[in-house]
Amino acid sequence: MSLPEIVSRDEWRKAREELLVKEKAATRARDVLNADRRRLPMVEVTEDYRFEGPSGELTLLDMFEDRLQLVIYHAMFAPEWELGCRSCSAFLDQIGHLTHLHVRNTTFAVVSLAPLAKITPFKQRMGWATPWYSSFGSRFNHDYEATKPDGEYPGLSAFLRDGDRVFHTYSTYARGLDGMPSTTAFLDVTALGRQEEWEEPKGRARSLGLQAGGPEMRYRDEY
């Protein structure tokens with residue numbers, strides 16, 4: 001069995017401080033990467049995708065719930081399956097309260113190719129409150145590469161709304177989901193980021209009328 005070496009407290013502290021230098025470098029590199037992600041160009045979504053939710057048919061624009069941003073998790077659930085993917089279910093189990101995203105003008109939702117008649121009982125069994133919609137019968141999953149000829153893939157896509165126009169800003173799949181889900185990780189894949197003043201490019205969130213520096217962090221029942 002290969003376990004960590006046993007050392008004195010002073011030796012551990014020295015090794016920890018050496019590792020901390022690398023961790024801080026990784027944090028700074030991640031900040032640069034997130035800024036580069038926010039600088040990605042965007043593509044207008046012109047296809048009239050239709051989804052099915054608990055209240056009936058809806059569009060991609062409807063899914064924003066009047067917020068500026070939308071993050072969609074592509075959960076693997078093929079039409080012929082009786083239950084959703086186990087690894088995607090573990091991902092969804094980790095999602096916290098969505099209020100911290102909502103106050104930052106960002107909506108989170110789940111989309112799968114399976115019909116809603118299969119999604120709903122599975123969602124109820126797992127006890128999830130996260131909005132989950134079916135893209136059954138549309139090309140949405142295929143166009144955003146969550147469904148390919150060889151099967152289903154887990155992924156995440158981010159969208160930005162300007163009035164009634166919707167733009168696709170980012171997508172990632174498989175290992176790109178490492179480190180998620182959390183409020184900050186979801187915001188980091190969006191065009192507006194965490195909406196903090198230190199983020200690059202400067203002033204983007206403010207230009208859309210959002211609060212400078214983002215909303216103050218509060219208990220979720222105090223917003």
Inset, instruction - Please state which one of G193, G176 is outside any strand (DSSP E or B) and either of a type in the set (A, V, I, L, M, F, W, C) or surrounded by fewer than 16 Cβ atoms within 10 Å (Cβ to Cβ) (or both). - result: G176
Inset, instruction - Identify all residues within the stretch 140-173 that are in contact (Cβ under 8 Å) with a residue 60 or more places away in the chain, assigned to a loop (DSSP other than H, G, I, E, B) and either surrounded by 18 or more Cβ atoms within 10 Å (Cβ to Cβ) or in contact with a strand residue (DSSP E or B) (Cβ under 9 Å, 6 or more places away or on another chain) (or both); write none if there are none. - result: Y144, A146, Y153, P154
Inset, instruction - Test H74 against the stated conditions and say whether it is surrounded by 15 or more Cβ atoms within 10 Å (Cβ to Cβ) and touching a Lys or Arg at 6+ places or on another chain (Cβ under 7 Å). - result: no
Inset, instruction - Would you mention how many residues in the stretch 179-190 are in a loop (DSSP other than H, G, I, E, B) and either closer than 16 Å to R39 by Cβ or touching a residue at least 24 places away in the same chain (Cβ under 8 Å) (or both)? - result: 5
Inset, instruction - Quickly run through the stretch 191-218 and pick out the residues that are on the phi > 0 side of the Ramachandran plot, over 13 Å from the mean Cα position of the chain (by Cα) and in contact (Cβ under 8 Å) with a residue 40 or more places away in the chain. - result: Q195, G214
Legend entry - Among (1) without any contact (Cβ under 8 Å) to a residue 40 or more places away in the chain; (2) under 18 Å from M76 (Cβ atoms); (3) surrounded by 13 or more Cβ atoms within 10 Å (Cβ to Cβ); (4) over 21 Å from the mean Cα position of the chain (by Cα) - the single one T130 does not satisfy: (4)
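A quick yes/no check of all residues on (1) among the β-branched types (V, I, T); (2) touching a Gly at 6+ places or on another chain (Cβ under 8 Å); (3) outside any helix (DSSP H, G or I):
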{"position": "E5", "(1), (2), (3)": "no, no, yes"}
{"position": "W12", "(1), (2), (3)": "no, no, no"}
{"position": "E17", "(1), (2), (3)": "no, no, no"}
{"position": "V21", "(1), (2), (3)": "yes, no, no"}
{"position": "D36", "(1), (2), (3)": "no, no, no"}
{"position": "L40", "(1), (2), (3)": "no, no, yes"}
{"position": "T46", "(1), (2), (3)": "yes, no, yes"}
{"position": "E52", "(1), (2), (3)": "no, no, yes"}
Legend entry - Test result for L83, surrounded by 10 or more Cβ atoms within 10 Å (Cβ to Cβ) and within 27 Å of E197 (Cα to Cα): no
Inset, instruction - From (1) of a type in the set (A, V, I, L, M); (2) assigned to a helix (DSSP H, G or I); (3) in contact (Cβ under 8 Å) with a residue 40 or more places away in the chain, pick out the condition that doesn't hold for V111. - result: (2)
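Read-outs throughout are calculated quantities, based only on the coordinates presented, and are distinct from any laboratory measurement. Computed from a prediction, not measured in an experiment: that's the story for all the values here. Note: ideal-geometry Cβ built from the backbone for every residue, glycine included; neighbour counts use all protein chains shown.
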